[in-house]
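The values are calculated or read from the model by the stated rules, or taken from the named source; none is laboratory data. These numbers come from a predicted model, not from an experiment. Every residue, glycine as well, gets a Cβ built from its backbone with ideal geometry; the counts of neighbours run over all protein chains shown.
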Amino acid sequence: MTALVAAPAHAASGEAVNPWVALAYLVAGVFFILALRGLSSPATSRSGNRFGMIGMLIAVVTTLVTHDIANIVEIAIAIAIGGLIGFTIARRIAMTAMPELVAGFHSLVGMAAVLVGLAAWLNPGAFGITDAADQILVVSRIELGLGIAIGAITFSGSVIAFLKLSGRMSGSPILLPGRHIINLGTLFAILALIAAYALSGAGGAGEGMLIVWITVLAFAIGFLLIIPIGGADMPVVVSMLNSYSGWAAAAMGFTLGNTAMIITGALVGSSGAILSYIMCKAMNRSFISVIAGGFGADTATGGGEAKEQRPYKQGSADDAAFMLEQAESVIIIPGYGMAVAQAQHAVREMADVLKEKGVEVKYAIHPVAGRMPGHMNVLLAEANVPYDEVFELEDINSEFAQADVAFIIGANDVVNPAAKTDKSSPIYGMPVFDVDKAKQVFFIKRSMGGVGYAGVDNDVFYMNQTVMLLSDAKKMVEGIVKALD
C-alpha cells in the first residue's frame, strides 16, 4: 500500500519538525476549534462548516506540499473522485436521511484508520516508526494496535448503525445469548493482544498474526456492541461512533507524526464523548447501560404494540384548525414521525399561517428526538424555521402550563409522563416535556397501535384534553393549513 507520508516524523527519527509546518497545522487546528464553536448553534452552523472546510484545506495542502509524495497524480485523482462522490451525495441526500449518512461517513473514517495502520505495520520504514534494529518502536506498536482496533470498531459499528437508521435492519434490539460475556471477553482479548504485540521481541510484519487477530476481533466487537442497541438509543450511538472515529484518527496521527490529525482527532473524540454524555443525561441513562442494550432490551419490545385498549378522542384537521386559530400560544413538539413523513415544510407553513393570525408559535426540541443529535434542529432549519422560535427542553418546559395548545407531531417517548411517575417503565427518570399541563393537546400519529421505541403505552393519548389526529403527519398538517386558509 502506497504511503502518503514518506518522511519520518517521530522524535525518534531525529528529524526536526519544520516550524512552518507546525504553524500551518496550528492554524488548521484553530479553524477546527472555530468550526466546533460555530456548529454549537444553528444560527452559526454555516460559518462553522466553512471554518471546518478551511481548516481541512490548510491541513491537506500542507501535508501534500511538505512531504515526499510517491505519486501526486494518483493522489490528485483519488481526491477528485472522493470530492465528486461527496458533492453528489450532499446534493442528493434528503435531510431525513441525514442520520444514516452520518453513520456511513463514520464507517469510512474507521476504515481509513484501519488501512493506514495496516500500511504502517507492513511498511514501517516509510512511516519513520522503526528503531536502529529496524523494528517498530514500542510506542508505535501501541499506537498501531489501538488505532486499528478503534478504527475497526468504528467501521463495523457504524455499518450496523447505518443499516438500523436506514430501515434495512430492524431498529429493535437484537439480543444474543451471553452477549455481555462475549463482549467483555472480546474486548479483553483485544487489549491482551495489543499488549502482547507491544512487548514482543520483533514488531515487524512478520510478528505472527497478532495485528491480524486484533483487526478481526475489533471488527467483530463493533457488530456485537451495536446490534443489541435499540432505536431509542440511536442518538447516543451516533455521537459515540463520532467519538470513536476521532480517537482512531488521533491514534493514526501519532503513527504518522501528523499534528493536524492528532488535533482534529482529539477534538472530534472529546466533543463526541461530551455529546454522548449529554445524550445519556437527557435520557437519564448511563453510557454503560446504553452499550449493554437499548430501551426495551430486556424484552426486545422496542416499537411494540400498545398494552391495552383505552378510550380516546379522535379529531380531524378541521377540529385542529379551529382550536389552533382560537389559541394565543402554541408549542409544537416534533419527533421522528415528522422526519419520516417529511412534514417539516408543512409544519413551518402552518406556523406561518398561525402567526399571521396573531398566534404565538414556539418549537420544543428534545435532545434525543429523532435518530441523531440535533436531528430535529436540522429538519427545522431546512424548512427555514426562525432560530429564535426553537427552544431546548430546559428552556421551554415551564411554559407548557401557560400554553393553550401542545401540538405533538411524530414524537412519543419524549412526551410520555410515565417517565415521571412509573418506576417500572424503561424510560423512568428521562426528562420529558410536560405536555400534560397544556390546556389542549393535539397528537399526530399514524395509528394507535405503535407506542414508540421504548415499547410502553403513553397516557397522553387518553387524557381529557388530548385529541388524536390519526393520519400521515404531512397529510394531516397540510389539511390543517388548508382549513386555516
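Brief remarks on what is shown
- Residue within the range 243-266 that is assigned to a helix (DSSP H, G or I), under 22 Å from G370 (Cα atoms) and of a type in the set (F, W, Y) present: yes
- Being at pLDDT 80 or above, in the same structural domain as L256 (by TED's automatic domain parsing) and part of a helix (DSSP H, G or I) is a condition met by no residue of the range 168-175.
- Every listed requirement among (1) modelled with pLDDT under 90; (2) within 13 Å of I409 (Cα to Cα); (3) not basic (K, R) is met by L469 save one, (1).
- One residue from A273, A266, A260 being hydrophobic (A, V, I, L, M, F, W, C), at pLDDT 85 or above, out of contact with any strand residue (DSSP E or B) (no Cβ under 6 Å at 6 or more places or on another chain) and within 30 Å of W20 (Cα to Cα): A266
- Residue within the range 79-102 that is farther than 25 Å from G257 by Cα and acidic (D, E) present: yes
- Cβ-Cβ contacts under 9 Å between residues 6 or more apart (or on different chains), taken from a first residue in the range 358-372 that is surrounded by fewer than 24 Cβ atoms within 10 Å (Cβ to Cβ) to a second residue that is among the small types (G, A, S) and assigned to a strand (DSSP E or B), are listed as V359/S329; E360/S329; V361/S329; K362/S329.
- Residue identified as modelled with pLDDT under 90, within 30 Å of V61 (Cα to Cα), in the same structural domain as P19 (by TED's automatic domain parsing) and not in a loop (DSSP other than H, G, I, E, B) among M234, M240: M240
- Qualifying residue in the range 93-115 (condition: polar (S, T, N, Q), touching a residue at least 12 places away in the same chain (Cβ under 8 Å), in a helix (DSSP H, G or I) and within 15 Å of M252 (Cβ to Cβ)): no
- Test for T62: is it of a type in the set (S, T, Y) and either at pLDDT below 90 or assigned by TED's automatic domain parsing to the domain that holds H345 (or both): yes
- Of all residues in the range 67-108, those being touching a helix residue (DSSP H, G or I) at 6+ places or on another chain (Cβ under 6 Å) and loosely packed, with under 14 Cβ neighbours inside 10 Å number 1.
- Residue check for M283: out of contact with any strand residue (DSSP E or B) (no Cβ under 9 Å at 6 or more places or on another chain) and at pLDDT below 75: yes
- Total residues in the range 395-410, condition in contact with a helix residue (DSSP H, G or I) (Cβ under 7 Å, 6 or more places away or on another chain) and under 15 Å from V467 (Cα atoms): 5
- Taking every residue in the range 383-394 that is without any contact (Cβ under 8 Å) to a residue 40 or more places away in the chain and over 16 Å from V330 (Cα atoms) and pairing it with any residue that is surrounded by 13 or more Cβ atoms within 10 Å (Cβ to Cβ) and of a type in the set (K, R), at least 6 positions away or on another chain, the pairs with Cβ-Cβ distances below 7 Å are A383/R348; N384/R348.
- Among the residues of the range 33-84, those identified as closer than 30 Å to H375 by Cα, in a helix (DSSP H, G or I) and polar (S, T, N, Q) are T44, S45, S47, N49.
- Listed by first and then second residue, the pairs with beta-carbon distance under 6 Å, at least 6 apart or on different chains, first residue in the range 276-291 and part of a helix (DSSP H, G or I), second among the acidic types (D, E) and modelled with pLDDT of 70 or more, are V290/D233.
- Filter pass, F442 being under 26 Å from D319 (Cα atoms), assigned to a strand (DSSP E or B) and in contact (Cβ under 8 Å) with a residue 40 or more places away in the chain: yes
- Restricting attention to the range 60-90, the residues that are in contact with a Phe, Trp or Tyr (Cβ under 7 Å, 6 or more places away or on another chain) and without any contact (Cβ under 8 Å) to a residue 40 or more places away in the chain total 0.
- Here is the figure for the range 254-272: residues that are of a type in the set (A, V, I, L, M, F, W, C) and surrounded by fewer than 18 Cβ atoms within 10 Å (Cβ to Cβ) total 1.
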